[in-house]
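The values are calculated or read from the model by the stated rules, or taken from the named source; none is laboratory data. Predicted, not measured: the structure shown is a model, and the values here were computed from it. Neighbour counts run over all protein chains shown; Cβ positions are idealised from the backbone, glycine included.
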Amino acid sequence: MQYGYFDSKTREYVIDKPDTPAPWANYLGSPAYGAIISNNAGGYSFVKSGAAGRIIRYRFNEFDKPGRYIYLRDDESGDYWSASWQPVGKPLREYKSLCRHGTGYTQLEAEYKNIRSEACYYVPHGAEHEVWRVKVINKGNVARKISCFGYVEFTTDSFYEQDQVNLQYTQYITRTYFKDKFILQTINENFPMGKQPEHVKSRFFGLAGAKIESYCGDRAKFIGNYHDYGNPVSIENGRLCGTLNYNMNPCGALHTVLNLAPGQTAEFSFILGEKWEKPARELIDRYEEKTLPDSEIAELRTYWHSKLENLKVQTPDDNFNNMINTWNAYQCFITFVWSRAASFAYCGQRNGYGYRDTVQDIQGIIHLDPDMALEKIKFMISAQVNHGGALPLVKYSHNPGHENKPEDDSYARETGHPSYRADDALWLFPTVWKYIAETGNTGLLDEIIPYADHGQDSLFNHLKKAIDFSLNNLGIHGLPAGLHADWNDCLRLGQKGVSVFVALQLYYAFEIMIRFSKFKKDSAVEKQMAELKERFGKIIEEKCWAGDRFVRGITENDVTVGKPGDPEANIWLNPQTWAVISGYADKERGKAVLDLVHKELNTKYGARVMAPSYVKHAFDGALALLFNQSTKENGGIFLQTQGWVILAEALLGRGGRAVEYYLESCPAAQNGIAEIRLMEPYVYSQFTESTESPFEGRSHVHWLTGTATTVMVGSVEGILGLRPDIEGLLLAPAIPSSWKSFTMEKSFRGCKLNIKVNNPDGKESADGCKKLTVNGCEMQGNYIPASVLKPVNEVVLEM
Ligand code: GLC
């Protein structure tokens, strides 16, 4: 079933059936002032921390309540509804609505009994408050008297857990005031000021552009006993009673009356934030200027769209186009900026950046905003410890050069991470490579960056140390130890147990170092890396290859995980895909293992992370067993890994397969089966339940997931074949034979590339392509040296 569609012109996803199978959300603002909003206006807002800076209440795991509600009431008939379908939930026969989730804003449009409303929710760019711009239009031919009410439920404490459960305390430290244009809520206002000001808070909810008729600052009075958000007693009464809270639950509720002649529009804004009385008043006053929201919304569009313009594709597949041009790209930015800070699944308690997650998240935006990527690369490098390992969690308060680390008890206490992961620092290799290849900024290799704990080094030496860390932590058979875990959080291979995925990542790291040292003409390092590559290549061949597949790991008791004949988990996806991505497997073997993957792991919703799921034969450190079968790391379709299978197939030149995997797990391609997938059709999830689940195809953990990035990389580098290196750009699309032509507009090192790919013979790869021209000049093979580029370039590839 379908609940909405992609509007590619406006870059919006438009929901025309509001009774979606799950709350379908959007992100507003940034973690400095962050807001999450569903298609029914549910969600929450916070300042700086999703957990510790929560300003409006949201009950996790209760669908999407409460939210930012706007109620409308016909004062003649007493009939009332909401500007979002929920919470009042009028019959959909009479109530028409559209939710437009856009880049940094969400507009909810509704029409009920000839009254149209448009509520546009947004956080102005760089601002620390939010705006609900409301328009109410009388579409009928008689005059109407309409009451409009805005409602928010403030938390009683900035820390959401205190707000939800420590009721004997937090209910008695808050009160609200009415200040002509707004409700002001205070927390801990009796605290001696200046002593612990972080505990003293003041929030406001105001109205600009319309006259306040009545107000309420007490949740119980607003809703009324035995009433709910869908039928608040004060909305029934058509008036707010003026009660302000003194203890218990605060709220902000404001009422205005609109007398609308036929065709007339009323326009005003509700403003919400965490500010003291004076700045709150000044801010609300600014919104008396009714054109301000229009310019702020336009600014948000320009900000986001200008980034997204840096790669625009037009292929025969609209689902692919909508994802690559807008939604996958936008999700990459959201995960990049928000990390795993706050969603409807993450409450915001992780107080930092997961090292591996963030270093990978960077990859998703490099082709769209390399400068933004660069800043984060340097930041993450500064979270590498002097011995080469990486801090598993980089605190938001990260202080390079002065940080504690997993060896210190204090680090474990503060972050909950007592030890190193085997893979964290190794993610730097693909990320730094992609950045330097995209930009040509090789100077970065010599840039001096501090370590997390002490000392500093060039970026090149940071990378060398990342390799040292793996070499200093070898396990049995001389392979890299799995340590606390590798990419897979559920693998505990034991002190000396080893990870094949990490061995392949390390192999890839040697290759990247060879490229960088060649560029730097550092023949000593080049030689050292080539020797290491050969040495590890031999061990991989000897210990990790099981005849028809790569195994997943070897435990400290020398038990091989993921070998043929094992009753469970006998084939794992990542070592097969990474054997190809790392360059370890040659084409023939790569194709053979990926054929096996297709046979053993592929399902209609993508390839499983391993199979069969663990039930009875898990080894001692196989924490995946704790999950139900076909769920998450236990044989589920862990979607982050789909990007790698797409990339691996594309690198082998099998475009048909690459796009087959792409479409199986593509949210847009599942727009018509929303009742199965449940999640937003414009957003990747963390995982999809696979074949052994009674709910095969159901997807979970929206928005903040590494899936966004790996699929973006698999699509851009893999399917579209945009593969830059230090000197230029290889153009190597891997597409289905049915794609007879497509175009791309790409920004590259300050130049514009208008690329046309023709594929009249229905090939799947650019291997042995007929011809590549740049501005009419024929290139050698399918490579464009950066030196031939002009400010604007016409590129034609004949496959
Ligand atoms: C989650 C974690 C990520 C990990 C993955 C697989 O997505 O955020 O760090 O790699 O699970 O276990």
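Annotations for the structure displayed:
- Considering Thr315, Thr326, the condition of being closer than 26 Å to Ala734 by Cα, hydroxyl-bearing (Ser, Thr, Tyr) and under 15 Å from the mean Cα position of the chain (by Cα) is satisfied by Thr326 alone.
Yes/no matrix, rows are residues, columns are (1) under 27 Å from the mean Cα position of the chain (by Cα); (2) in contact (Cβ under 8 Å) with a residue 24 or more places away in the chain; (3) at negative phi; (4) not in a loop (DSSP other than H, G, I, E, B):
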site	(1), (2), (3), (4)
Tyr584	no, yes, yes, no
Ala618	no, yes, yes, no
Ala624	yes, yes, yes, yes
Gln629	yes, yes, yes, no
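- For the criterion of being aromatic (Phe, Trp, Tyr), surrounded by 18 or more Cβ atoms within 10 Å (Cβ to Cβ) and in contact with a Leu (Cβ under 7 Å, 6 or more places away or on another chain), Phe516 passes.
- Filtered residue count, the stretch 181-200, keeping only those that are under 21 Å from Val47 (Cβ atoms) and surrounded by fewer than 17 Cβ atoms within 10 Å (Cβ to Cβ): 9
- Number of the condition not met by Phe6 [criteria: (1) of a type outside the set (Ser, Thr, Tyr); (2) over 27 Å from Asn319 (Cα atoms); (3) surrounded by 22 or more Cβ atoms within 10 Å (Cβ to Cβ)]: (2)
- Annotation: Gly656 fulfils all but one of (1) more than 14 Å from Thr710 (Cβ to Cβ); (2) touching a Ser or Thr at 6+ places or on another chain (Cβ under 7 Å); (3) in a helix (DSSP H, G or I); (4) within 16 Å of the ligand (Cβ to nearest atom); the unmet one is (4).
- Of the residues Phe638, Phe627, the single one that is surrounded by 24 or more Cβ atoms within 10 Å (Cβ to Cβ), within 14 Å of the ligand (Cβ to nearest atom) and hydrophobic (A, V, I, L, M, F, W, C) is Phe638.
- For the stretch 307-323, the tally of residues that are surrounded by 24 or more Cβ atoms within 10 Å (Cβ to Cβ) and within 20 Å of Gln360 (Cβ to Cβ) stands at 1.
- Scanning the stretch 343-360 for residues that are modelled with pLDDT of 95 or more and away from the ligand (no atom under 13 Å from the Cβ) yields one hit, Phe344.
- Neighbours by Cβ (under 9 Å, 6+ apart or cross-chain): first from the stretch 333-347, over 22 Å from Asn61 (Cβ atoms) and of a type in the set (Lys, Arg); second part of a helix (DSSP H, G or I) and within 14 Å of the ligand (Cβ to nearest atom): none
- Subset of the stretch 201-251 that is part of a strand (DSSP E or B) and charged (D, E, K, R) - its residue that is surrounded by the most Cβ atoms within 10 Å (Cβ to Cβ): Arg203
- Answer from Ile297, Ile334, Ile284, Ile235 - the residue that is in contact with a Pro (Cβ under 9 Å, 6 or more places away or on another chain), closer than 21 Å to Tyr121 by Cβ and modelled with pLDDT of 95 or more: Ile297
- Strands (runs of 3 or more DSSP E) wholly inside the stretch 686-745 that include at least 3 residues being more than 16 Å from the ligand (Cβ to nearest atom) and in contact with a Lys or Arg (Cβ under 8 Å, 6 or more places away or on another chain): 728-731
- Here the stretch 462-495 is the region considered, the condition is being over 18 Å from His387 (Cα atoms) and out of contact with any Asp or Glu (no Cβ under 9 Å at 6 or more places or on another chain), and the residue that is farthest from the ligand (Cβ to nearest atom) is Gly478.
- In the stretch 420-461, the residues that are within 22 Å of Asn472 (Cα to Cα), surrounded by fewer than 14 Cβ atoms within 10 Å (Cβ to Cβ) and of a type in the set (Gly, Ala, Ser): Gly455
- The lone exception for Gly43 - which of (1) buried (at least 22 other Cβ atoms within 10 Å of the Cβ); (2) in contact with a Pro (Cβ under 7 Å, 6 or more places away or on another chain); (3) at positive phi it fails: (2)
- Residues in the stretch 748-774 that are touching a helix residue (DSSP H, G or I) at 6+ places or on another chain (Cβ under 8 Å) and among the polar types (S, T, N, Q): Ser765 only.
- Qualifying residue in the stretch 603-613 (condition: touching a Pro at 6+ places or on another chain (Cβ under 6 Å) and in contact (Cβ under 8 Å) with a residue 40 or more places away in the chain): no
- Selection status of Thr415, within 16 Å of the ligand (Cβ to nearest atom), within 27 Å of Thr641 (Cα to Cα), at pLDDT below 95 and polar (S, T, N, Q): yes
- Qualifying residue in the stretch 421-430 (condition: closer than 29 Å to Leu722 by Cα, within 14 Å of the ligand (Cβ to nearest atom), outside any helix (DSSP H, G or I) and small (Gly, Ala, Ser)): no
- Hey, Thr705 in contact (Cβ under 8 Å) with a residue 12 or more places away in the chain and closer than 18 Å to Thr577 by Cα or not: no
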